[in-house]
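One structure below.
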Amino acid sequence: MNFKVTPWEVKGKIDYDKLMNEFGIKPLPKLPKQFEENHLFRRNIIFGQRDFSRIIDAINNKQKFVMMTGLMPSGKFHLGHKIVADQIILYQSLGAKIYLAVADIEAYNSRHPNMKELQETAIKEYLTNYIALGLKPKNCDFYFQSKRSKDAKKANAYYKLAGLFARHATFNEFRAIYGELSPGKIMASLYQASDMFHPQLEEFEGQTPTAVPVGADQDPHLRIARDLGTRMKLYNFIQLSSTYNKFIQGLRNDKMSSSDPTSYIALTDSIEEATKKVKKYAFSGGQPTIDEHRKKGGNPNIDVSYQLLKVFFEPDDKKLKKIHDDYKSGKLLTSELKSILIEKLTNFLKKHHENRRKAEKEVDKFLQN
Ligand code: TRP
């Protein structure tokens, strides 16, 4: 296989069908209209699931459910992170109780050994952008792995669960799922399992269906957690429901990565910076000369500007199709396609920066637990 997807490394051109086969991820079933109305689901950017029918049933039967996910606060919050953020906000609007973990222990143990900086980044970059994108404090439990709760009963229950989970996996299972191991990786996996199951403890919501939206690289964590949850007879957990989103292309057609500013557009980039990045770096699926482009047409499937319109900025399917067809036929030039993106991106950033200023004042409301 010429691609690699693990929680610690994503590289190569990912064949999502192969990945589904290898991991055992299922395609999405027919979804209720609340999901179909969202272009991330409709366009298969969220491409797979495990046990998601439980969440669909909960929504259809108006039953309580939880949405739980987590983030490693490494560097700038960029468009790649917005895919999960948009889902969190969708679930909150559908009535889910939101659990959001800042994986500061995981980040500390992997590659960011400055706890203070991690916690600041989590608030300035992640939380502030979530709020600016629409996250509300009501029904939202935002916490750090390193400080679960001021309420000792809750905190004890969370750390106890992580500790007890250790009994229910073997070293060989960890190795088979994660490859090379370190104590830090094993701990990260146990904490993540506790992140995903602890909402179901009696100190929190009690037994509740739990949706876990993640990037495809997180599935190894889910596979271990699912096994741990089943084997742990002390509690009667409902199995996790997860969905998987595709990775967004980096500007220069590699991975969008916090460690390389020319690969991403951050939500705090100024309009000038963002415009410059699109003009200068956004990989083009067009032909080298205008003549050739008019004759042969461009390839929207590899064009980064088109992909950004598809994933974020053109939710209208008809308009997107016209852009797609015009680019493919050669009627639309790369420079024109980029102008369409830049206009939409500018409108988004302008509004988002305003929202961020308001969000900064809301942050404390999320840090009460
Ligand atoms: N491992 C995740 C990452 O690398 C972060 C994470 C921690 C997480 N706990 C979680 C994701 C629980 C989903 C659910 O980004």
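Here, each number is a calculation from the coordinates, and none is a lab measurement. Since we're looking at a predicted model, the values are computed, not measured. All Cβ positions, glycine included, derive from the backbone under ideal geometry; neighbour counts span all protein chains shown.
As a test of the formula, what do you get for the chain when each DSSP H run with n ≥ 4 contributes -39,500 (n - 2.57) and the sum is divided by the residue count, at 222 nm and rounded to the nearest 500 deg cm²/dmol? Mind dumping the intermediate values first?
Working: 17 runs with 172 residues, N = 369.
When only DSSP H runs of four or more count, the value is -13500 deg cm²/dmol.
Express the relative contact order of the chain as a whole percentage, based on alpha carbon pairs under 8 Å and six or more residues apart in sequence.
It comes to 19 percent, rounded to a whole number.
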Virtual paramagnetic centre 7 Å along Cα→Cβ of residue 152, amide N under 12 Å, in the range 201-243: none
The helix 79-93 Cα axis meets the longest alpha-carbon principal axis of the chain at an angle in degrees, between 0 and 90 and rounded to 10, of 60 degrees
Compute the helix-to-body angle for 152-165: its Cα long axis versus the longest principal axis of the chain, expressed 0 to 90° and rounded to tens. 80 degrees
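Got a sec? How would 43, 111 order by Cβ neighbour count within 10 Å, fewest to most? Please list the in-between numbers first.
Numbers: 43 15, 111 12.
With the fewest neighbours first, 43, 111 line up as 111, 43.
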Report the local net charge at residue 287: Lys and Arg +1, Asp and Glu -1, summed over other residues whose C-beta lies under 11 Å from its C-beta. +1
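From Cα pairs below 8 angstrom and at least 6 apart in sequence, can you work out the relative contact order of the range 22-150, rounded to a whole percent?
Contact order relative to length: 25 percent.
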Sort 358, 296 so that the residue with the fewest other Cβ atoms within 10 Å of its own Cβ comes first and the one with the most comes last. 358, 296
Answer in debye to the nearest 20: the dipole magnitude of the chain about its Cα centre, from +1 Lys/Arg and -1 Asp/Glu charges placed on Cβ, is 420 debye
Taking every DSSP beta bridge with both residues inside the chain, roughly what % is antiparallel (nearest 5)? 40 percent
Computed over the chain: longest principal axis from alpha-carbon atoms vs helix 334-360 long axis, angle to nearest 10 degrees, is 40 degrees
If you build the Cα gyration tensor of the range 124-221 and take the root of 5 times each eigenvalue, what three semi-axes come out, in whole angstrom, biggest first? 25, 18, 13
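For the range 83-204, what's the relative contact order in percent, using C-alpha pairs closer than 8 Å and at least 6 residues apart?
Numbers: 99 pairs, mean separation 38.0, N = 122.
Result for the range 83-204 is 31 percent.
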Please report the Cα spread of the chain along all three principal axes, rounded to whole Å, starting with the longest. 69, 46, 44
What share of all Cα pairs of the range 229-369, in percent, falls into each consecutive 5 Å distance bin? 2, 9, 15, 16, 15, 13, 9, 7, 6, 5, 3, 1, 1, 0
Near the amide H of residue 210, under 5 Å away, which other amide H atoms are found, from residues 5 or more places off or on another chain, if H is placed in the peptide plane? 66, 241
Residue 292 versus residue 114: modelled label distance in nm, points set 7 Å from Cα along the beta carbon direction: 4.5 nm
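Highest mean first, what order results for 181-193, 56-68 on Cβ atoms within 10 Å? Intermediate values should be presented prior to the final figure.
On the way: 181-193: 18.8, 56-68: 17.3.
Descending mean neighbour count gives 181-193, 56-68.
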Amide proton proximity set for residue 141, modelled H, under 5 Å, gap of 5+: 98, 99, 100
Using amide H atoms built in the peptide plane, which far-off residues or other-chain residues are under 5 Å from residue 303 H to H? 285
Can you sort 243, 262 from fewest to most other Cβ atoms within 10 Å of each residue's own Cβ? 262, 243
At what distance in angstrom do the alpha carbon centres of the range 65-95 and the range 272-348 lie from each other? 26 Å
Cα-based reach from residue 153 at 27 Å (exclusive), listing lysines while leaving out same-chain residues under 8 positions away: 64, 97, 116, 136, 138, 185, 233, 365
